[in-house]
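Asker: I have a structure I would like to understand better, so I am pasting it below and will then ask my questions one at a time.
The values are calculated or read from the model by the stated rules, or taken from the named source; none is laboratory data. Please read these numbers as outputs of a predicted model, since none were measured by experiment. For neighbour counting, all protein chains shown are included, and Cβ atoms are generated from backbone atoms with ideal geometry for every residue, glycine included.
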Amino acid sequence: MNYDYSEFKKTYSYMIKTYKNTSEFFHRDRDIFTGEIIGTCTVVNYAKNDAGRWYETEQKTEDITRYNYCNIFDAVYMFKRFGGSERVEKQYTKYGYIPFKVTSISPGAEFKTVRTVKFN
């Protein structure tokens, strides 16, 4: 597939505009859609109990590709528009100062999901 930077920039416009160094995920010599593993993503789901405290309901870890990473952090804007709460944390990585963790709280504040990316 011939995928140039202009298509990448159009597809992931929010991510690139908000987190400048994420444009490093596009490389002319590598296709973003290949299954190249860049790290792991740990997803932890929480729910609220009757006392209003979060408790863990599920945790899973899976390999993550460039494509998966871009989809996770580009979707932050969409979930904010739905009325949820999104908090993104950044850190220095080999790709630059980019997001590595997103905490999402549902619009009704009943469920929370924390996604943490650890790069290889």
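Residue by residue, here is whether (1) modelled with pLDDT of 85 or more; (2) of a type in the set (Gly, Ala, Ser) holds:
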residue: 18; (1), (2): yes, no
residue: 23; (1), (2): no, yes
residue: 30; (1), (2): no, no
residue: 39; (1), (2): yes, yes
residue: 47; (1), (2): yes, yes
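Asker: Further question on the same structure: Tally the residues that are aliphatic (A, V, I, L, M) and touching a Cys at 6+ places or on another chain (Cβ under 7 Å), restricting the search to the stretch 96-120. Break it down into steps so the answer makes sense when it comes.
Answerer: At the first step, the residues of the stretch 96-120 found to be aliphatic (A, V, I, L, M) are 98, 102, 105, 109, 114, 117.
Keeping just the survivors that are touching a Cys at 6+ places or on another chain (Cβ under 7 Å) gives 117.
Here the count works out to 1.
Asker: Right, another one. Report every pair of residues separated by at least 6 positions or lying on different chains whose Cβ atoms are under 7 Å apart, first residue within the stretch 76-100 and over 15 Å from residue 24 (Cα atoms), second hydroxyl-bearing (Ser, Thr, Tyr) and part of a helix (DSSP H, G or I).
Answerer: Close Cβ pairs satisfying both conditions: 77/14.
Asker: Considering the stretch 86-106 alone, what residues qualify as being in a strand (DSSP E or B), polar (S, T, N, Q) and at pLDDT 90 or above? It would help to see each step written out before you state the result.
Answerer: From the stretch 86-106, those in a strand (DSSP E or B) are 86-93, 96-105; that's our starting set.
Still in the list and also polar (S, T, N, Q): 91, 93, 103-104.
Answer for the stretch 86-106, where residues must be in a strand (DSSP E or B), polar (S, T, N, Q) and at pLDDT 90 or above: 91, 103, 104.
Asker: Does residue 57 satisfy the criteria of being more than 24 Å from residue 23 (Cα to Cα), of a type in the set (Val, Ile, Thr) and at pLDDT 95 or above?
Answerer: On the way: more than 24 Å from residue 23 (Cα to Cα): yes; of a type in the set (Val, Ile, Thr): yes; at pLDDT 95 or above: yes.
In short, yes.
Asker: Right, next: Please find, within the stretch 31-70, the residue that is surrounded by the fewest Cβ atoms within 10 Å (Cβ to Cβ) out of those that are over 16 Å from the mean Cα position of the chain (by Cα) and touching a residue at least 60 places away in the same chain (Cβ under 8 Å).
Answerer: Once the filter is applied, the top-ranked residue is 47.
For (1) closer than 20 Å to residue 6 by Cα; (2) out of contact with any strand residue (DSSP E or B) (no Cβ under 9 Å at 6 or more places or on another chain); (3) not hydrophobic (A, V, I, L, M, F, W, C), each residue gets a yes or a no:
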| position | (1), (2), (3) |
| --- | --- |
| 26 | yes, yes, no |
| 39 | no, no, yes |
| 54 | no, no, no |
| 71 | yes, yes, yes |
| 76 | no, no, no |
| 101 | no, no, yes |
| 109 | no, no, no |
| 116 | no, no, yes |
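Asker: Would you be able to say whether some residue in the stretch 71-85 is assigned to a strand (DSSP E or B), over 11 Å from the mean Cα position of the chain (by Cα) and among the hydroxyl-bearing types (Ser, Thr, Tyr)? Show your work before the answer.
Answerer: Here is the first cut: in the stretch 71-85, the ones assigned to a strand (DSSP E or B) are 85.
Checking which are over 11 Å from the mean Cα position of the chain (by Cα) leaves us with 85.
Narrowing the set further to residues that are among the hydroxyl-bearing types (Ser, Thr, Tyr) leaves 85.
For the stretch 71-85, residues assigned to a strand (DSSP E or B), over 11 Å from the mean Cα position of the chain (by Cα) and among the hydroxyl-bearing types (Ser, Thr, Tyr): present.
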